[in-house]
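Comments concern the structure below.
No value in this document is a laboratory result; all are computed from the given coordinates. Since this is a predicted model, take the numbers as computed values, not measurements. Methodologically, a virtual Cβ is constructed for each residue, glycine included, from the backbone with ideal geometry; neighbour enumeration extends over all protein chains shown.
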Amino acid sequence: MSPGSEPPPPGATPATHLHARHRAVMPDWLALYYREPLELTHGEGRHVWDATGRRYLDFFGGILTTMTAHALPEVTEAVAGQAGRILHTSTLYLDRHMVELAERIAALSGIPDARVFFTTSGTEATDAALLLATTHRRSNQVLAMRNSYHGRSFSSVAVTGNSSWSPTSLSPLQTLYVHGAVRTRGPYAALTDAEFTAACVADLEDVLGQAHGNVAALIAEPVQGVGGFTSPPDGLYAAFREVLARRGILWISDEVQTGWGRTGDHFWGWQAHAASGPPDLLTFAKGIGNGMSIGGVVARAEVMNSLGANSISTFGGSPVTMAAGLANLTHLLEHDLQGNARRVGGLLIERLRAVAAGLPLVHEVRGRGLMIGVELTGPDGSPAPEAAALTLEHAREDGLLIGKGGREGNTLRIAPPLSLTVAEAEEGAAILESALHRTHRTLAGEERA
């Protein structure tokens, strides 16, 4: 009998036994949701099932990754068909699927004379973008936003402005952090949108005054993902771009979570700041693969071709993942899932705002499309991570899976597949309403946790 294959000890459920095995071989810092972690075994549409056979409405999609639907036939058939021919070749060989997907992404990006480099994750895409920008500009100075998250590698942690996700202060870069990504907290929260933007531009100018010579780039999420789905007023990055362009500083738009129409109003998050035109580089990942490992960078040819040494990707752009990405992107475009995100997401956010109106623990419901954050605070207005954790548990008990984020872990993150129906949105909102009321009663001492 192989190690770990023995049956659970007396009194232990299969789930608790698997959890014990997980803890014995995985890092302590590898987080799991829920007091009794879930083993998800299969999914279909907007639903998933755990190992006991219980069904859940999925409002998190594997961290915004299941973009179209679980077990989407077009994607599963593309994966199976390609796997039956050849699984792997590497970028040293021509691959038709990779070229076709790159052509489509380049055209959709809005970046002129675009080139596309495929990676296996958003973290690796950040690494590649930073390598390109710093090489092109011959500088290791980078601007980043406070409260940001760009990945877990050494270089991506170096531009992450969220202390909860920055395990080290060591860095290969000199990172200068600027204001602007969090609208409702901080020293500029009380300003109007126009005043807020002007204050953040002034802060950017001041920060650049502290830099030594060239600055390579600004990297920014149009809507911060791990940071709790926070965003600046529309147009802020266009105003930033005017300042950057005068100095030749590149703009990297991190579209790992905002890309592919999730925000409803736009296909890319940068388009909410489109007065300045497209970014110099954009990174993507998550949703394009619908669960397959795809990431990448789109950049102007001048920037993409600036590397003076060999560089390949063994696994980036593999035949199987590229076939999946093509099928998934085709389905998304042909079924106007961006439009569905705008329509159904608009209904969902208004429904949640109505729920929040009677709950003092909800500080704000924010977002756009199917990218919605519900920030929870205590009676004194301070962040309430305990309330978020309790609400996650209550929602799970009633059959709804959601996420959480924010620097203090006090924001519920709602990001279902973009094919969400109106009926499913109503069902999820009702479950979340019940969960929030249970949390309120628990924290008030009226109900046990």
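For region 46-128, which trypsin sites (Lys or Arg not before Pro) pass both filters: DSSP loop (anything but H, G, I, E, B) and at most 11 other C-beta atoms within 10 Å?
Here the sparse-neighbourhood loop sites are 54, 85.
Treating only the Cβ of Lys, Arg, Asp and Glu as charged (+1, +1, -1, -1), what charge dipole size does the chain show about its Cα centre? Round to the nearest 20 debye. Each step should come with its number before you reach the end.
Details: 35 positive and 45 negative charges, 108 e Å.
So the magnitude is around 520 debye.
Round to a whole angstrom and tell me the spacing of the C-alpha centers of region 135-194 and region 23-74.
The distance from the Cα centre of region 135-194 to that of region 23-74 comes to 30 Å.
Would you work out the relative contact order for the chain, in percent, from Cα pairs under 8 angstrom that are 6 or more residues apart? Please list the in-between numbers first.
Working: 913 pairs, mean separation 93.1, N = 449.
Normalised by residue count, the contact order of the chain is 21 percent.
Is there a quick way to get the dipole size of region 111-156? I mean about its Cα centre, with the Cβ of Lys and Arg at +1 and of Asp and Glu at -1; what is the value in debye to the nearest 20?
For this selection, approximately 160 debye.
So if I take the centroid of the Cα atoms in region 360-377 and the same for region 315-343, what is the distance between those two points in Å?
28
Please give the peptides 47-53, 436-442, 403-409 ranked by average Cβ packing (other Cβ atoms within 10 Å per residue), highest first, as a rough proxy for protection.
Ranking the peptides 47-53, 436-442, 403-409 by packing returns 403-409, 436-442, 47-53.
At a 10 Å Cβ-Cβ cut-off, how would you order 318, 155, 164, fewest neighbours first?
With the fewest neighbours first, 318, 155, 164 line up as 164, 155, 318.
For residue 76 and residue 103, what is the calculated FRET efficiency with R₀ set at 30 Å and r taken between the beta-carbons, to the nearest 0.05? Could the numbers behind the result be given before it?
Working: r = 24 Å, r/R0 = 0.79.
Step by step, r from the Cβ atoms, then E = 0.80.
Hey, what's the Kirkwood Rh for region 283-430 if you take every pair of different alpha carbons, in angstrom?
Working: mean 1/r = 0.0559 Å⁻¹.
It is 17.9 Å.
For a quick check: with amide H placed at 1.01 Å from N, whose amide H comes under 5 Å from residue 367's, ignoring anything fewer than 5 positions away on the same chain?
For residue 367, whose amide H was placed from the backbone, the distant partners under 5 Å are 373.
Calculated from DSSP H runs of 4 or more alone, at -39500 (n - 2.57) each and per residue, what is the 222 nm mean residue ellipticity of the chain, nearest 500?
On the way: 13 runs with 164 residues, N = 449.
Mean residue ellipticity at 222 nm (helix-derived): -11500 deg cm²/dmol.
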